[in-house]
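Just so you know, all these numbers are worked out from the coordinates, no wet-lab data involved. Small disclaimer: the values here were computed from a predicted structure and weren't measured. As a convention, Cβ positions derive from the backbone with ideal geometry for all residues, glycine included, and neighbour counts pool all protein chains shown.
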Ligand code: HEM
Ligand SMILES: [Cu+2]
């Protein structure tokens, strides 16, 4: 590591190209162990998965636009919602967050040259890619893709009810992507524990990195449980065991316990990275330091801790769970989440807000996630859940949450795109995309809440007996197509940008964290130089020596960045 | 290293206590086992970090060290390697063997062995492309 104290310049960049080595083209794609290349591979692959899963969603909504739709058959509909949910959760949301942007940004944010285990990191990607192909192969085999929902409940997933190869491909895909996630978790934790730059204490790490650390730990706690559950499911299907088989003394509800013991932490494995992204974006575009840094960190840890004890709120209606325990624990999670919202608003309060596309998406994330959170509180109450379980109220609730994640993903992409490519995404297209995505998400989910209260069940291809549900369903479909259109805008923008000039420079947003200290894109092994790190805003401190971040624990003037700077020069 | 240890032990102890309360209250086995197991999974590595944090001097990343305190060798980072790809393909074939028949394992297992051997040899050499 080098010890000069200069921001990165174009002159350095030339040097970077000389230093670039290793194979290029397809061989580079196959053999690279650079976290930036792997992170980009992840990002692009997961966005393709978002488009595929989104296409399934468009078909679903087309089918539901009329009470007796004939877009797909009833059997195809079962495959569609299963694969839509599976692709979105297993192949888009998680990999995008912890394999894509985190892989790219975490090492740079802490001043590291790469992930701790670069070859393991590459293996993660190959397991993810092959897992994705395996899942989609389901459509190509006799009997079709898996059709028992993304949760694979026993006994729907047993050999009798799901005899085809599609179900085994689904299990195989989850084994591959599960190990991929575990390896990424190992890498994130080891990198953050061992490869931080001098001065980068734990409580100076960017909040995005903190969130990825906690996400990594959650992955390590949760995913092995799912993998074990899947192995037992496979054994039941092929090796004659009866673990989930009630007819032979097995316990079907065990699958639900195992699945949700992974499944609820997974909700936070998906959400925490996006919390982290907006926590980076909001202060930068409000020209303020983050409000409540330590509160943010402790809220993240508290969310992770509590998330391991709430799984059976997905099982209230089974009649086998301790209702008060799970209801109470679920309510507790709203406290740290509330702290986060308070701090996000506090970070904007009184700031000079710049409404860039990234900032708009970040605010859209807050609003949409808040709606999902509030309806989640309704569902956490067993009497209310008994009434709404397995209706469109639930579908609308978790789509408020996951659409917030998609909006958050866009916030991250618009924010970091200049860092990754040196080019800005077009802001005008970005803002148009934002309004279509944000309003589309609202128009798509709101009718769902009402339909759920009227009693429309989920996973149903026709509602012939209830033609009066059609208006709300049509409205919901219009929202869905607005979301689809917004995705097209994004693809156009990304493709168009590949021809625009590289004007970003190292620090276009006047941002806070280390990734904005190096060149855009960063060189091999990330840095030619690092600043002294004396606060959670090292890049800001460097560019604004007279307006240093007075941090929570740093009131000693000799620790001020400008003093430190004078000392090293 | 202290903060790292506290984080893991804190999480582990919390989940462990939750598991005990849950077990006594619900008398439901699977959740109790998973919670207690998860708690231990946090405490174990946490104790390991604590052990080391007591025995080693403060690392530059845990203090107000100047940035050149990190100069020198920090690890070897292979620039590129074909083995993760080969290993990934082997694992994929192995999973496909679960679906389409064990004959695929005849290709999968040698591929995995070959890749592991290749990766190990590359690691021993310090990695052909590493620096
Ligand atoms: C383009 C926007 C989207 C639309 C229009 C959409 C639409 C739908 C609809 C209508 C259903 C219910 C199907 C039924 O129960 O019959 C559904 C289910 C589901 N969606 Fe989405 N969705 C979208 C995006 C997402 C995203 C981004 C995720 C996750 C990251 C997601 C995850 C799921 C899951 C897990 C299910 C449950 C599948 C099951 O019941 O097994 N969706 N979606
Ligand atoms: Cu949950």
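List of remarks:
- Contact order for the range B:1-101, expressed relative to its length and based on alpha carbon pairs under 8 Å spaced 6+ residues apart, stands at 31 percent.
- Helix A:392-421 vs. chain A, principal-axis angle (Cα, 0 to 90°, nearest 10): 30 degrees
- Against chain A, whose longest principal axis is taken from its Cα atoms, helix A:207-238 shows a tilt of about 30°.
- Neighbour-count ranking [beta-carbon atoms within 10 angstrom, fewest first] of B:48, A:528, A:194: B:48, A:194, A:528
- Averaged over the residues of peptide A:118-131, the number of Cβ atoms from other protein chains lying within 10 Å of each residue's Cβ is 6.
- A Förster distance of 45 Å, applied to the separation of the beta-carbon atoms of residue A:28 and residue B:100, puts the FRET efficiency at 0.90.
- Value of Rg to Rh for the range A:51-199 (Rh from inverse mean 1/r over Cα pairs, i.e. Kirkwood): 1.10
- Cβ-based exposure ranking for A:188, B:109, A:530, in which fewest neighbours within 10 Å come first: B:109, A:530, A:188
- Ascending count of other beta-carbon atoms within 10 Å, so fewest first, for A:345, A:207, B:107, A:38: A:345, B:107, A:207, A:38
- By the helix-only formula, in which each DSSP H run with n ≥ 4 contributes -39500 (n - 2.57) and the sum is divided by residues, the protein assembly as shown has a 222 nm mean residue ellipticity of -22000 deg cm²/dmol.
- Peptide A:25-32 shows a mean partner chain C-beta count of 3 within 10 Å per residue C-beta.
- Highest-first arrangement of B:57-66, A:464-473, where packing means the average Cβ count within 10 Å: B:57-66, A:464-473
- Average other protein chain Cβ within 10 Å of Cβ, residues A:250-258: 2
- Anisotropy class of the range B:2-63 from Cα gyration tensor, a/c 1.5 cut: prolate
- Residue A:478/residue A:298 FRET efficiency (R0 35 Å; Cβ-Cβ; nearest 0.05): 0.25
- A protection proxy built from the mean count of other Cβ atoms within 10 Å ranks the segments A:156-162, A:493-499, most packed first, as A:156-162, A:493-499.
- Among B:111-122, B:30-41, the order from most to least packed when residues are scored by Cβ within 10 Å on average: B:30-41, B:111-122
- Chain B: Rg to Rh, with Rh as the Kirkwood radius over Cα pairs: 1.16
- In this calculation the C-beta distance from residue A:459 to residue A:345 is compared with R0 = 51 Å, giving a FRET efficiency of 0.85.
- The range A:373-400-the range A:490-517 distance, computed between alpha-carbon centres (Å): 39 Å
- Relative to one another, the C-alpha centroids of the range A:72-119 and the range B:1-30 are positioned 28 Å apart.
- Helix A:427-454 vs. chain A, principal-axis angle (Cα, 0 to 90°, nearest 10): 30 degrees
- Here is the P(r) of the protein assembly as shown: all C-alpha pair distances, binned every 20 Å from 0, give 17, 53, 27, 2 in whole percents.
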